[in-house]
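K.L.:
Take a look at this one; I'll ask things after.
The values are calculated or read from the model by the stated rules, or taken from the named source; none is laboratory data. Every value quoted in this text rests on a predicted model; they were computed, and no experiment measured them. Cβ atoms come from the backbone with ideal geometry, glycine included; neighbour counts cover every protein chain shown. Please note that ligands, DNA and RNA were not included when accessible areas were found on the heavy atoms of the full protein model with its side chains. Shrake-Rupley method; radii C 1.70, N 1.55, O 1.52, S 1.80 Å.
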Amino acid sequence: MPGVGASGARQDAPHYWLRGLFWGLLTLGLAFGLRMMEWPCWQNPEYRLGSEWLLATHDAYHWVAAAEGFGLGVGHPMAEMLRLMAQTLHTYPAAVAFWFPAVLASLVAVIVFAWVWALGSMEAGVAAGLITSLAPGFLARTLLGYYDTDLVTLFFPLLMTLAPACWAMRYMLLPRMILRRLALGSGLKAAQRLWGERGADEAHLERLGNPLRWQWVLLLGASGVISWWTQEWHSVFPYLIRYNVVLLALMALIMAPRGRRGILLLGGLAYALPTLGGPAGFGFSLILLLAGSKAGRGLRHLLCRPLVLVLLWLGAAVLLVQGEILTTLINHANAYLKHSGDVRSTGEGMSLVYPSVAQSIIEVQDLSFAALFPYFHPWMEAAVVGLAGFVLVLFRRPGALFLLPLAALGLLSTKLGGRMVMFGAPVVAVGLTLPLYWLLQRLLRADLRGAVAGAATSCILLALLVAPFADMIQAISQGPIINRRHAEALTRARTMTPEDAKLWLWWDWGYAAHHFARRSTIADGAQHAGPSLYLPAAVFATDNARFARQLIRYTAKMGNEPGNVFEGLDGRAAQALMDKLRSSETPLVEAKGRLFVVVSFEMLRLGFWISNFGNWNFVTRQGEGGALSIVPQALAYRLDTGEVRLEGSTSTIYASSISVFEETGVTRRNYVQEWFDAHPKATPEEQKEFLSGRRNVNFLFNRVTDEKLAVDQGLYNSLMVQLLVGDPQDPRFSPYFKLVYDNVFARIYEVL
């Protein structure tokens, strides 16, 4: 903050900090109020299971289940935070997971407010915080019920760099001053003038301020420990904290005032060592407390010697590259690249190419460069101006360099996927507020250039860039990611299946099954690549119930570990195994354990991807998805004839089949099958004439949610559809699957 470590009565006066507290609380209240505009969208009985609100993202159920002691996330900070908050509030984790995103997203607005305060204007920070909160890329991933790591991946980078940025702006030169000095003469002479002579630190200590004051050392050390701790929260933080350490070192080298390089390099270690070494590194910060005092003058001289500084920073460099950080970086980058195939080792020098799940996940799908800007702000022109304004801020405020990784991640959404756009939100907000504030300072008279200019900045931006777009919050709200009936089926599975049962369902709802059913699943949000993707997809995409049963039982025989199924196999051997299990001549596979398959109407929306993955050929390394259309327009249909048409249109489609899902059951009409059953002696010409009037389109209508799906014959005949709409006693299925639960919109079968 501007007042930390500065002299002057105004900066130290309590009313200055009270004023900051007031504007910060105002930002928090307004941001939370904006978030609560989504609340009316959740007043739908379908969005609750009993008293429990259903959640808005699949990953939220991972943390809820972990907070309840189930799943791989047990002990993770996200789960522990949820568990502790639920205990403190005397409620259950799912309730906290529903409400907490609005709270933490509002706190992000407060941190952005603090950043703009530190960069120049307390009052203008209010607008910056609210613009960040309203950014579609951030808003869409932090709505009600959206308890996921997105909440902390923006919160922590802003929090952990605020103190280093304030420290750098207090004691270092502005970037434009560096450029001006370098332009005065040759690079060597300019560098000599800039860096000064050895030992000049002490001479300037009193005049330019002490960067080793105990307040700064403690703030930098605490920020470093927080930075180190963030690595437990998300895989992006090991890279961000290393950037921050390198940046601070370079700033101390290049941007130090004349004669101050040594002491600023020493001060930078107060942040660097705790960041890289955790509490152990914080011990060095405690040593600097003594070095920064008058009594520690000798120690300060010793630590500022060039050789000592080189050794200390070499130690930091060792910590910087320790472990397998480069390998991990490459692996994480590859995870966001959209390969058509996913190469996995199967042991003994063999490898197998599976379909890649990344291409089907919305949050990692690429965005075009032009499509980026509306995610930073609904008004694209404002986003462009904000990015341009941030460049100006970089030249005037060196602390803004700590925000550069966020800008880079936001712009890299073109390659790393749409999830990254939220990182650009605070950058655009800073770029919009500070340049306008500086402009108003030039236009207003001297006595109005402080708080009045900042308040005017916020008023202008709130009126132009926040208020007109507030209604967007309800438009973005999408409700829960799991249907009430689907959740109800998973809840029933907890009492209807043994504790060691394995559930086969699509990976998107694996975490939800962990929470509602408390049962392990064949795939989930953490295990949805390679064999964990292909095996359930092959089961749901096939039209051969016997093959599906064989594949499930064979996986159980291999310990219910998908990776064991293809161990030691190459592409041809893997395809041969699938062909063998598909063959009717292969005896039924026997394996211990009770296995269950869950199908739901929600799963059908993903039919294209499931069929694409499930029809994967290990030899050709290609898959072919079925045709599926989610129809947004209103449709009218006649069950007696199979006619379907857009309301208000005269064009009619004669469907192959229509299935209507209602509270009371499913009404099924297969017009092609019915005609052939009624005309067993039809000639080829009559058959051809009949089929020419029917389209290869099968409609599925959900009368409760008003969803309308159109699928081709391949998808319609797949198990994901037939196990949901078909007769459980149909001899195609009954020898292999036994229906144990049915609520129309979701069914559970036991594998025989």
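K.L.:
Roughly what angle does helix 162-171 make with the longest principal axis of the chain, taking Cα atoms, 0 to 90 degrees, to the nearest 10?
P.N.:
Helix 162-171 and the main axis of the chain meet at about 30 degrees.
K.L.:
Quick check: Cα centre of segment 452-472 to Cα centre of segment 711-752, how many Å?
P.N.:
If you average the Cα positions of each part, the centres end up 55 Å apart.
K.L.:
Considering only protein heavy atoms and a probe of 1.4 Å, how much of the accessible area of the chain is carbon and sulfur, as a whole percent? List each step's numbers first, then the result.
P.N.:
Numbers: 18970 of 31830 Å².
The nonpolar share, carbon plus sulfur, comes to 60 percent.
K.L.:
Something else: Quick check for me: using +1 on Lys/Arg Cβ and -1 on Asp/Glu Cβ, what's the dipole size of the chain about its Cα centre, in debye to the nearest 20?
P.N.:
Numbers: 63 positive and 54 negative charges, 671 e Å.
I would put it at about 3220 debye.
K.L.:
How high is the relative contact order of the chain, given as a whole-number percent (alpha carbon pairs under 8 Å, six or more residues apart)? Mind dumping the intermediate values first?
P.N.:
On the way: 1319 pairs, mean separation 98.3, N = 752.
Averaging sequence separation for qualifying contacts and normalising by length gives 13 percent for the chain.
K.L.:
Once you put a point 7 Å from the Cα of Arg621 and another 7 Å from the Cα of Met472, both along the Cβ direction, what distance in nm separates them?
P.N.:
For Arg621 paired with Met472, the spin-label model returns 4.1 nm.
K.L.:
Here's a follow-up. Which pairs in the list Lys580/Lys688; Lys557/Lys738; Lys708/Lys738 are over 24 Å apart, alpha-carbon to alpha-carbon? Can you show the working numbers first?
P.N.:
On the way: Lys580/Lys688 35 Å; Lys557/Lys738 20 Å; Lys708/Lys738 28 Å.
Lys580/Lys688; Lys708/Lys738, as the Cα separations exceed 24 Å there.
K.L.:
I need the semi-axes of the equivalent ellipsoid of segment 484-623: take the C-alpha gyration tensor, multiply each eigenvalue by 5, square-root it, list largest first in whole angstrom.
P.N.:
Gyration-tensor ellipsoid for segment 484-623: 25, 17, 13 Å.
K.L.:
What are the ³J(HN,Hα) couplings of segment 94-101, residue after residue, when phi is run through the Karplus curve with 6.51, -1.76, 1.60 and θ = phi - 60°? Round to Hz, x for glycine and proline.
P.N.:
5, 5, 5, 4, 6, 8, 4, x
K.L.:
Once phi is turned into θ = phi - 60°, what whole-Hz ³J(HN,Hα) does the Karplus curve with 6.51, -1.76 and 1.60 give for every residue of segment 75-85, x standing for Gly and Pro?
P.N.:
x, 5, x, 4, 6, 5, 4, 5, 5, 5, 5
K.L.:
Still on this structure, I have one more. Which whole-Hz ³J(HN,Hα) couplings does segment 693-708 yield from phi under the Karplus relation 6.51 cos²θ - 1.76 cosθ + 1.60, θ = phi - 60°, glycine and proline marked x?
P.N.:
With the stated coefficients, segment 693-708 comes to x, 10, 8, 7, 9, 10, 9, 10, 10, 9, 6, 7, 9, 6, 7, 9 Hz.
K.L.:
Let me ask something additional. Grab the alpha carbons of segment 625-736, take their convex hull, and tell me the volume per residue in Å³. Please report the intermediate quantities before stating the final value.
P.N.:
Numbers: hull volume 15.1 nm³, N = 112.
So the per-residue hull volume is 135 Å³.
K.L.:
Keeping every protein chain present and rolling a 1.4 Å probe, give me the accessible area per residue for the chain in Å².
P.N.:
On the way: 31830 Å² over 752 residues.
Here the residues of the chain average 42 Å² of exposed surface.
K.L.:
How high is the relative contact order of segment 484-623, in percent, with contacts defined as C-alpha pairs under 8 Å that are six or more residues apart? Please list the in-between numbers first.
P.N.:
Values: 188 pairs, mean separation 39.4, N = 140.
Relative contact order, segment 484-623: 28 percent.
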